[in-house]
Amino acid sequence: MPLFLKTLFKTRGEAIGFIAFLVLVLVIFPLAMPVFRLNLVGKYLSFGFVAIGLVLLWGRCGVLSLGQGVFFGLGGYCMAMFLKLEASDPESTSIQSTPGIPDFMDWNQLTALPWFWEPFKSLPFTILAIFVVPAVVAFIIGWAMFRRKVGGVYFAIITQALALIMSLGIDGNQGYTGGRNGITDLRTLLGWDIRTEDAQYTLYFLCVVLLALTALAAKYIINTRLGRVLVAVRDQEDRVRFSGYDVAIVRTSVFAFAAVLSGIGGAMFVLQVGFMSPSIIGIVPSIEMVIFTAVGGRLSVMGAIIGCLIVNWGKTAFSEAYPDAWLYLMGGTFISVVMFFPNGIAGLAEKFPRIRSLIPASVTERIKGMATKKTTKTVSDGQ
Amino acid sequence: MDSSDQNILEVEDLGVSFDGFKAVDGFNFYLAPNTVQVIIGPNGAGKTTVLDLICGKTAATEGKINFQGKELRGEREYRIVRMGIGRKFQNPSIYENLTVFENLELSHPRGRGVFGCLLFRRTEEVMDRCLSVAKTIGLDECLDQEAGILSHGQKQWLEIGMLLMQRPKVIMLDEPVAGMSVKERTKTAELIREISKDRSVIVIEHDMEFVREIADRVTVMHMGQVISEGSMERVSNDPKVIEVYIGH
């Protein structure tokens with residue numbers, strides 16, 4: 001087994017689980033579902049990016065953010081702005097008093113495109129922005145707080161407030177952001193109609209592949225020294241600091257990385273669902289994202305993705321039948337997860353007999369092996 | 001008497017006040033290379049606070065902390081560690097869920113940045129260093145053991161080992177033998193004598209028997225100030241010390 005695979009999967013069970021997941025989402029779902037349902041799964045999976053970020057940030061590093069919707073929104077709005085501009089060409093908007101700008105701007109008496117919309121006419125810029133904007137925002141916020149050793153509940157409350165500020169800010173500036181209705185009526189990406197069935201299939205597979213790559217990246221991080229440092233920061237912050245690590249920069253970096261993942265998720269959401277609005281990024285959705293992660297298992301990358309699928313599926317299925325009871329059911333699920341199985345579904349799965357480890361020799365054997373080899377070598381050199 | 005340029009650490013007129021209460025006040029302390037210097041004093045004398053001030057955990061309000069010609073006041077904790085000052089806490093603070101080996105490995109000074117961590121590999125040098133430190137602290141037979149199941153004494157040694165991984169020039173130990181059995185105490189004393197061969201060690205301790213065993217010099221603190229300093233012999237005959245501390 002090559003070394004990098006060992007870094008990705010610690011046990012055979014993990015590798016099998018990952019392959020099983022790929023088979024499920026790449027083969028079984030597309031074959032078994034009509035495109036409408038598959039598109040819903042794609043929407044659920046776009047929250048999977050956020051959940052993976054929360055596994056690293058909350059599960060591993062112990063930093064609970066109740067504002068991941070902010071970054072989901074930043075990525076999503078970047079994507080939506082590009083698509084909206086493309087949908088607002090002068091011909092299709094010719095009935096507006098100012099043709100060529102998005103319809104909601106026209107309704108709000110704007111007569112020119114605001115400066116910060118200009119660069120979103122370019123797809124390369126938009127893609128770059130989907131990564132860079134959440135990263136920079138998270139880095140500034142994280143650095144400001146973690147350097148002052150703000151953490152725990154205070155951090156959670158502040159991020160919660162950010163989610164509120166963001167959704168209110170968008171809501172209150174309808175001319176620039178589309179307001180409460182959000183940015184709607186998105187049609188094409190470089191002339192390719194994203195509303196057709198073919199496009200929905202393509203976007204679904206794009207989302208799944210990106211999510212799988214993200215999951216691998218997260219698993220890789222977890223199994224390197226950085227992954228161990230994250231857990232150490234969670235459990236023994238002072239010891240890590242007095243082992244010469246800059247705890248603030250470790251936390252800030254994870255926060256920024258989780259933000260980037262959320263941004264990618266937001267962009268994939270917009271592509272598949274076709275709109276973006278403040279109701280998807282405010283306080284409630286931000287908390288829901290934490291619940292997905294908790295139910296699936298906040299320590300486990302695959303668990304968190306499964307959590308997204310199950311909870312969202314439940315939400316759709318259940319709220320179609322009993323719209324009023326859904327919130328209670330979700331709240332109840334969250335409380336029982338926290339009380340009875342804090343490591344979620346993945347934690348339950350791990351209670352089954354340990355599946356054989358991919359790393360055969362213990363460190364003791366390896367380290368002593370090295371030492372013996374060296375002694376023999378010195379001896380033979382001496383002769 | 002040591003001339004000042006020989007001292008590895010010089011603390012002068014150090015003071016800190018918390019809401020007007022002076023926990024440490026006009027504290028002077030000089031640490032020679034390769035010595036074990038023990039700080040004793042009654043509860044609340046400010047011993048632990050002194051360690052906190054040196055390692056940057058608490059910011060001093062006055063005074064100087066000079067380490068090998070560099071001023072430590074105002075530096076961030078991790079930078080002070082990287083300069084060569086190691087700090088052990090009173091309660092064993094180790095990573096309980098990781099193995100003994102992983103505890104040591106995580107304390108290896110290479111790759112302490114975010115990207116350094118990502119690229120960190122278990123090279124031969126890393127393995128050798130972990131093994132040799134594990135031998136020093138007597139834990140080379142339990143490298144694969146989860147640190148949480150070690151005995152109290154072993155945990156304390158592991159934390160000392162984690163400091164040694166960083167090759168510090170000064171090690172500060174806060175009550176290293178509290179809660180240890182007699183046998184473990186003897187072993188810890190040997191360990192401290194051993195590691196002070198090529199570095200200085202500052203120890204805070206209550207157990208006078210133990211202090212006698214390890215100390216090259218003793219500093220006695222009372223109400224945030226130094227009231228006596230010298231060999232154990234000299235200090236224990238100092239009337240001021242007898243009055244505030246040993247006489248009790």
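Sequence-ordered 3J(HN,Hα) estimates for the range B:29-37 from the Karplus curve with 6.51, -1.76 and 1.60 and θ = phi - 60° stand at 7, 10, 10, 7, x, 6, 10, 9, 10 Hz, glycine and proline given as x. Counting, for every residue in B:122-129, the Cβ atoms of other protein chains within 10 Å of its Cβ and taking the mean gives 3.
Distance from the Cα centroid of the range A:45-124 to that of the range B:29-105 is 49 Å (rounded to whole angstrom).
With a probe of 1.4 Å, find how much accessible area chain B has per residue, and write the answer as a whole number in Å².
Values: 10550 Å² over 248 residues.
With all protein chains present, chain B gives 43 Å² per residue.
Show me the ranking of peptides A:139-146, A:193-200, A:124-131 by mean Cβ neighbours inside 10 Å, starting with the highest. Spell out each step's value before the answer.
Values: A:139-146: 18.4, A:193-200: 13.5, A:124-131: 16.8.
Top of the packing list down: A:139-146, A:124-131, A:193-200.
Other protein chain C-beta atoms within 10 Å of residue C-beta, averaged over B:45-55: 0. Positive-end ranking of A:T7, A:P342, B:V50 along the dipole of the protein assembly as shown, with charges on Cβ about the Cα centre, is headed by A:T7. Burial here means at least 50 square angstrom less accessible surface with every protein chain in place than with the chain by itself, probed at 1.4 Å; in the range A:233-270 the buried residues are A:Q236, A:R239, A:F242, A:S243, A:G244, A:Y245, A:D246. Accessible surface for chain A, divided over its residues, is 45 Å² per residue with a 1.4 Å probe.
Projecting the Cα atoms of B:W157, B:P92, B:P109 onto the dipole axis of the range B:85-173, where Lys and Arg carry +1 and Asp and Glu carry -1 at the beta carbon, places B:P109 farthest toward the positive end.
Computed from backbone phi, the HN-Hα couplings of the range B:146-161 come to 5, 5, x, 9, 5, 6, 3, x, 4, 4, 4, 5, 4, 5, 4, x Hz, rounded to whole numbers (Karplus: 6.51 cos²θ - 1.76 cosθ + 1.60, θ = phi - 60°; Gly and Pro given as x).
Going by a ≥ b ≥ c, the root eigenvalues of the Cα gyration tensor, does the range A:3-278 fall in the rounded group (a/c under 1.5), the prolate group (a/b larger than b/c) or the oblate group? Taking the square roots of the gyration eigenvalues as a ≥ b ≥ c, the range A:3-278 is oblate. Classify the range A:111-247 from the C-alpha gyration tensor, please: rounded if a/c falls under 1.5, else prolate or oblate depending on whether a/b exceeds b/c. Oblate is the answer for the range A:111-247, as a/c is 1.5 or above yet b/c matches or exceeds a/b. How large, in percent, is the carbon and sulfur part of the accessible surface of the protein assembly as shown at a probe radius of 1.4 Å? C and S atoms contribute 61 percent here. Remark: the range A:3-278 carries a charge dipole of roughly 1480 debye about the Cα centre, counting +1 on each Lys and Arg Cβ and -1 on each Asp and Glu Cβ. Couplings 3J(HN,Hα) of the range A:301-306, computed from phi: 4, 5, x, 5, 5, 4 Hz, in residue order, whole Hz [Karplus 6.51 cos²θ - 1.76 cosθ + 1.60, θ = phi - 60°; x for Gly and Pro].
Placing +1 at every Lys and Arg Cβ and -1 at every Asp and Glu Cβ, with all other atoms neutral, what dipole size does the protein assembly as shown have around its Cα centre, in debye to the nearest 20? Could the numbers behind the result be given before it?
On the way: 61 positive and 60 negative charges, 278 e Å.
So the dipole magnitude of the protein assembly as shown works out to roughly 1340 debye.
Inter-chain neighbour count for B:143-154: the average number of beta-carbon atoms from partner chains within 10 Å of each residue's beta-carbon is 1.
Take the accessible area of B alone and of A alone, subtract that of the pair with a 1.4 Å probe, and the total buried over both chains is about 3600 Å². Under 5 Å between amide hydrogens, built in the peptide plane, is the criterion, and for B:F120 it picks out A:R225 among residues at least 5 positions away or on other chains. Think of chain A as having a plus end and a minus end, set by charges on the Cβ of Lys, Arg, Asp and Glu; of A:M276, A:L110, A:I158, A:I158 sits farthest toward the positive end of this dipole. Between the range B:109-130 and the range A:127-204, the C-alpha centres lie 36 angstrom from each other.
Largest accessible area first, the listed residues B:L119, A:L5, A:L164 line up as B:L119, A:L164, A:L5 when surface is computed with a 1.4 Å probe on the assembled protein chains.
Arrange the residues A:Y220, A:Y44 by how much accessible surface each exposes, largest first, with a 1.4 angstrom probe.
The residues order as A:Y220, A:Y44, largest area first.
Here the relative contact order of chain A, from alpha carbon pairs under 8 Å that lie six or more residues apart, stands at 32 percent. For the protein assembly as shown, what are the per-bin percents of Cα-Cα distances with bins 20 Å wide, up to the bin holding the maximum? Pair shares across the bins are 17, 41, 28, 12, 1, 0.
Counting Lys +1, Arg +1, Asp -1, Glu -1, what net charge surrounds B:G63 among other residues with beta carbon under 14 Å of its beta carbon? Present the calculation step by step, with values, prior to reporting the outcome.
Numbers: positive: B:K22, B:K64, B:R73; negative: B:E10, B:E12, B:D13, B:D25, B:D52, B:E62, B:E71.
Combined, the nearby Lys, Arg, Asp and Glu give -4.
The values are calculated or read from the model by the stated rules, or taken from the named source; none is laboratory data. Every value quoted in this text rests on a predicted model; they were computed, and no experiment measured them. Reconstructed Cβ throughout: ideal geometry from the backbone, glycine too, with neighbour counts over all protein chains shown. Just the protein is used for accessible areas: all its heavy atoms, side chains included, with ligands, DNA and RNA removed. Shrake-Rupley method; radii C 1.70, N 1.55, O 1.52, S 1.80 Å.
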